[in-house]
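Engineer: This is the structure I want to talk about, given as structure tokens.
The values are calculated or read from the model by the stated rules, or taken from the named source; none is laboratory data. These numbers come from a predicted model, not from an experiment. When we count neighbours, we look across all protein chains shown, and the Cβ atoms used for this are built from the backbone with ideal geometry, even at glycine. Calculation scope for accessible area: heavy atoms of the full protein, side chains included, ligands and nucleic acids excluded. Shrake-Rupley method; radii C 1.70, N 1.55, O 1.52, S 1.80 Å.
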Amino acid sequence: MPPRLRLSLLPILWLGAALRLRGLFANSFHADEALFATWARLIAVWRDPLLRTQPVDKPPLLFYSQAIFYPLLGPVEWAARLPSLIASLLLIALTAQLAWRLGGDSPAALVAAAVVAVAPLAVQFSATAFSDPLLTMWIAAALVAALARPGWVGVGLGLALATKYQAALFVPLLTGLGWLAGWRWRDWARAAVGAAAVVAVVL
């Protein structure tokens, strides 16, 4: 991405941050958010770092991401929401990067980033303790890698799977993009190994 485009992207990122920041403190936890935050607290205080006593039915990356912020900020609701907020802001930049790599057009990249920055659902879910913003960010990162650094596609997909199982639904999209990008057999092998490595750690 050209330096001039990166500079032009900054006001859009600031706009996205301004729209999302209030949501950190605006609402109390949804029931699922409270459950996820509780699991993260058990990890953060080292009471049950592997969640062996909990009926966990989701991959663990979100909970460990949330657990990082509790020792830094204390047991507050917005600490559990920070990973989603950060992921939502990164998604704006990744969208611009993806649009630019697909078309090579700077105005299109800025428009795509602006749409994500102000999209109501993207704003609403950004300041939550749900796993969706983190999942979307990792999938976007994998899509960008498919066009720039094929060796990292598997890692992005693996991290998305470590966030939410529904990431598997995006495998056909990543496969098609890799085919359109003209991957060689080494690229396919590296992507498979990267995804398998991350999934192995989760298992």
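Engineer: What distance in nm lies between label points placed 7 Å from Cα along the C-beta direction at Leu180 and Leu7?
Structural biologist: 3.1 nm
Engineer: Same structure, new question: How many percent of Cα pairs in region 45-101 exceed 17 Å? Could you put the intermediate results ahead of the total?
Structural biologist: Values: 841 of 1596 pairs.
Summing the P(r) tail past 17 Å for region 45-101 gives 53 percent.
Engineer: Okay, which of region 58-90 sit inside 13 Å, backbone N to the point 7 Å along the Cα-Cβ direction of Val45?
Structural biologist: 70-71, 74-76
Engineer: More than 23 Å apart: what percent of Cα pairs in the chain qualify?
Structural biologist: Summing the P(r) of the chain above 23 Å gives 49 percent of all pairs.
Engineer: If I compute solvent accessible area with a 1.4 Å probe over the protein chains, what percent of it on the chain is carbon and sulfur? All intermediate terms of the calculation are to be shown ahead of the outcome.
Structural biologist: Values: 7540 of 11030 Å².
That fraction is 68 percent.
Engineer: Determine Rg/Rh for region 137-203; Rg is computed over alpha-carbon atoms and Rh is the Kirkwood hydrodynamic estimate from the same atoms. Walk me through the numbers before you get to the answer.
Structural biologist: Values: Rg = 10.6 Å, Rh = 11.3 Å.
Ratio of gyration radius to Kirkwood radius: 0.94.
Engineer: For region 46-203, with only Lys/Arg (+1) and Asp/Glu (-1) charged at the beta-carbon, what is the dipole magnitude about the Cα centre, in debye rounded to 20? Working shown, then result.
Structural biologist: Values: 10 positive and 6 negative charges, 73 e Å.
Result for region 46-203 is approximately 360 debye, rounded to the nearest 20.
Engineer: Something else now. Which net charge results when you count Lys and Arg as +1 and Asp and Glu as -1 among the other residues whose beta-carbon is under 14 Å from that of Arg149? All intermediate terms of the calculation are to be shown ahead of the outcome.
Structural biologist: Working: positive: Arg101, Arg184, Arg186, Arg190; negative: Asp187.
Charge balance in the 14 Å sphere: +3.
Engineer: Two decimals is fine: what's Rg over Rh for region 27-128, C-alpha atoms, Kirkwood radius as Rh?
Structural biologist: Rounded to two decimals, Rg over Rh is 1.10.
Engineer: A further question follows. Which order, highest average first, do 78-86, 175-183 follow once you tally other Cβ atoms within 10 Å for each residue and take the mean per peptide? Let's see the in-between values first.
Structural biologist: Values: 78-86: 22.6, 175-183: 14.2.
Taking the mean over residues of other Cβ atoms within 10 Å, the ranking is 78-86, 175-183.
Engineer: Follow-up. If you build a Gaussian network model of the chain, linking Cα atoms that sit under 10 Å apart, which residue out of Val123, Val76, Val193 swings the most?
Structural biologist: Val76
Engineer: Extending each Cα 7 Å along its Cβ direction at Leu203 and Gln54, get the distance between those two points in nm, one decimal.
Structural biologist: The answer from the label model is 2.3 nm.
Engineer: Using Cα springs under 10 Å in a Gaussian network model of the chain, which residue among Ala146, Ala26, Ala67 shows the largest mean-square fluctuation?
Structural biologist: Largest GNM mean-square fluctuation: Ala26.
Engineer: Cβ under 13 Å from Gly158's Cβ, Gly158 left aside: what net charge do those residues give with Lys, Arg +1 and Asp, Glu -1?
Structural biologist: +2
Engineer: Sticking with this structure for a sec: With a probe of 1.4 Å, find how much accessible area the chain has per residue, and write the answer as a whole number in Å². Present the calculation step by step, with values, prior to reporting the outcome.
Structural biologist: Details: 11030 Å² over 203 residues.
So the chain comes to 54 Å² accessible per residue, rounded to a whole number.
Engineer: Rank Leu98, Leu13, Leu173 by mean-square fluctuation in a GNM of the chain with C-alpha springs under 10 angstrom and give only the top-ranked residue.
Structural biologist: Looking only at Leu98, Leu13, Leu173, the biggest GNM fluctuation is shown by Leu173.
Engineer: Between rounded, prolate and oblate, where does region 28-73 land on the alpha carbon gyration tensor, with a ≥ b ≥ c its root eigenvalues, rounded for a/c under 1.5, else prolate if a/b exceeds b/c?
Structural biologist: Numbers: a/c = 1.60, a/b = 1.03, b/c = 1.56.
Oblate, because a/c is 1.5 or more while a/b does not exceed b/c.
Engineer: State log₁₀ I(q)/I(0) for region 62-181 at q = 0.17 Å⁻¹ as given by the Debye formula over alpha-carbon point scatterers of equal weight, solvent excluded.
Structural biologist: -0.86
Engineer: If each of Arg149 and Leu173 carries a label point 7 Å out from its Cα toward its Cβ, how far apart are those two points in nm?
Structural biologist: Here the answer is 2.1 nm between the modelled labels.
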